[in-house]
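The next block holds one structure in the form of structure tokens; read it before the comments.
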Amino acid sequence: MTRLGYHHTALRVRDLDVSIAFYEALGCRLIRIWGEPHARNCMMDVGGNNILEIFSGGKEDPQCYPKFEHIAFRTEDTDGDFAAALTAGARPKNEPADVNIGGNYPVRIAFVYGPDDEVIEFFKEY
């Protein structure tokens, strides 16, 4: 099997327009949108040639979320991205902090909850 690399992460949300606006406020760019009015979907460029695919039609039931553990955005400014996410409507999960993963991998990370309680991490490598 030939692996060509990572393409996208998919997320199901309750309100596509709210999610598009939120991710645009974080610096993502809408690439394409498709589907019927009741079942629209989109792809957003999150940077670095990586894509977040967003599907509408999520349920109000909080037990349905999150659909993945978290999505991590590579950043040079963990604190700035954390603040921008809060301004865009995110709720804080974990404040920015320096951590050493596995004892030899220093990073600065922060976590927020997005519009559908998806967990978003801002990840800076040193």
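Quick notes on this one:
- Looking only at residues of segment 82-126 that are in contact with a Gly (Cβ under 8 Å, 6 or more places away or on another chain) and not small (Gly, Ala, Ser), we find that the one that is farthest from Phe68 (Cα to Cα) is Pro115.
- Some residue of segment 73-95 being closer than 20 Å to His8 by Cβ and at pLDDT below 90: yes
- Qualifying positions in segment 68-106 - of a type in the set (Phe, Trp, Tyr) and within 11 Å of Val119 (Cβ to Cβ): Phe68
This table checks each residue for (1) touching a strand residue (DSSP E or B) at 6+ places or on another chain (Cβ under 9 Å); (2) more than 28 Å from Arg108 (Cβ to Cβ); (3) outside any strand (DSSP E or B); (4) modelled with pLDDT of 85 or more.
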{"site": "Leu4", "(1), (2), (3), (4)": "no, yes, yes, no"}
{"site": "Arg32", "(1), (2), (3), (4)": "yes, yes, no, yes"}
{"site": "Met43", "(1), (2), (3), (4)": "yes, yes, no, yes"}
{"site": "Leu52", "(1), (2), (3), (4)": "yes, no, no, yes"}
{"site": "Gly57", "(1), (2), (3), (4)": "yes, yes, yes, no"}
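- Hits in segment 67-108 (condition: acidic (Asp, Glu) and part of a loop (DSSP other than H, G, I, E, B)): Glu69, Glu76, Asp77
- Subset of segment 109-126 [of a type in the set (D, E, K, R), surrounded by fewer than 19 Cβ atoms within 10 Å (Cβ to Cβ) and either part of a strand (DSSP E or B) or touching a residue at least 60 places away in the same chain (Cβ under 8 Å) (or both)]: Glu125
- Selection from segment 74-120 of residues that are farther than 14 Å from Phe22 by Cβ and touching a His at 6+ places or on another chain (Cβ under 8 Å): Phe111
- Total residues in segment 9-29, condition modelled with pLDDT of 90 or more, surrounded by 14 or more Cβ atoms within 10 Å (Cβ to Cβ) and under 12 Å from Met43 (Cα atoms): 5
The values are calculated or read from the model by the stated rules, or taken from the named source; none is laboratory data. All values reported here derive from a predicted model rather than from experimental measurement. Glycine gets a Cβ as well: all are built from the backbone with ideal geometry, and neighbour counts include every protein chain shown.
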